[in-house]
1. So the check is Cβ under 6 Å with 6+ separation or different chains; which pairs have a first residue in region 129-144 that's closer than 22 Å to K3 by Cα and a second one that's at pLDDT below 95 and more than 15 Å from the ligand (Cβ to nearest atom)?
2. Within region 92-106, track down each residue that is farther than 17 Å from D42 by Cβ and either touching a residue at least 40 places away in the same chain (Cβ under 8 Å) or surrounded by 10 or more Cβ atoms within 10 Å (Cβ to Cβ) (or both).
3. Read through the list (1) of a type in the set (F, W, Y); (2) assigned to a loop (DSSP other than H, G, I, E, B); (3) at pLDDT 95 or above, then give the number of the only condition that F123 fails.
4. Among what's in region 140-154 and is in a strand (DSSP E or B) and within 10 Å of the ligand (Cβ to nearest atom), pick the residue that is modelled with the lowest pLDDT.
5. Right, A16: at pLDDT 95 or above, assigned to a helix (DSSP H, G or I) and surrounded by 10 or more Cβ atoms within 10 Å (Cβ to Cβ) or not?
6. From N58, N72, grab the single residue that is over 30 Å from G36 (Cβ atoms) and assigned by TED's automatic domain parsing to the domain that holds L39.
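The values are calculated or read from the model by the stated rules, or taken from the named source; none is laboratory data. Small disclaimer: the values here were computed from a predicted structure and weren't measured. Ideal geometry is used to build each Cβ from the backbone, glycine not excepted, and the neighbour counts take in all protein chains shown.
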Amino acid sequence: MKKVKWLKNDLKIDHAFNYKKIENLVLHLKEVCPEGFDLYFDNVGGDFLESAIFQMKNFGRIVICGRISQMNATNPGSGLKNMAHVLVKRLTIKGFIIFDHEDDREQFETDMAKWLLEDKIKFKETVYEGIENTPKSFIDLLEGKNIGKMLVKI
Ligand SMILES: NC(=O)c1ccc[n+]([C@@H]2O[C@H](COP(=O)([O-])OP(=O)(O)OC[C@H]3O[C@@H](n4cnc5c(N)ncnc54)[C@H](OP(=O)(O)O)[C@@H]3O)[C@@H](O)[C@H]2O)c1
């Protein structure tokens, strides 16, 4: 898959996988990181979060930033089934909201502009031309056809 190749070959990420092709996420995470996670930054929620909790090390930290897998869920489910791991492993789980960091915005924009000019930050965008393509861009976004941020150029 193109996205996985980009992450591994260009961004040099140790491991990346296509979540749509994984049958057993708990086993997969165990195979690729047998020693466990110190930190899990969660953008997905649901089964992903639960699988990551199984694989956390003692005193590990989890940052809850997003729960994209639950955004359109018609059934909220019954919640995490492995809270015992949070207790026994003494995990810390903390929510993250970007608006709490407004004071850092100016410094962030200065740093990021510099890093982009220096080619230290790599990124991709998928750009559709014309406002008439907005509905298609939205459907394609939900189907994962974009790489990087999905944008419509007007
Ligand atoms: N806490 C905050 O302040 C804050 C601010 C902004 C955004 N967020 C959250 O941060 C997350 C990322 O935002 P973004 O703007 O980067 O979104 P984005 O560009 O739309 O990217 C979403 C990513 O999630 C993947 N994904 C979608 N459904 C998934 C599923 N069921 N299981 C696993 N992966 C899935 C997508 O992969 P494919 O495209 O390959 O399907 C894509 O890589 C979202 O959860 C968003 O709600 C949080």
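1. So the pair list comes out empty.
2. H101, D104, R105
3. Failing condition for F123: (3).
4. Step one: list which residues in region 140-154 are in a strand (DSSP E or B), which gives 149-153.
Cutting the leftovers down to within 10 Å of the ligand (Cβ to nearest atom) gives us 149-150.
On the way: K149: 94, M150: 97.
Taking the candidates together, the pick is K149.
5. So A16 fails the test.
6. Result of the check over N58, N72: N72.
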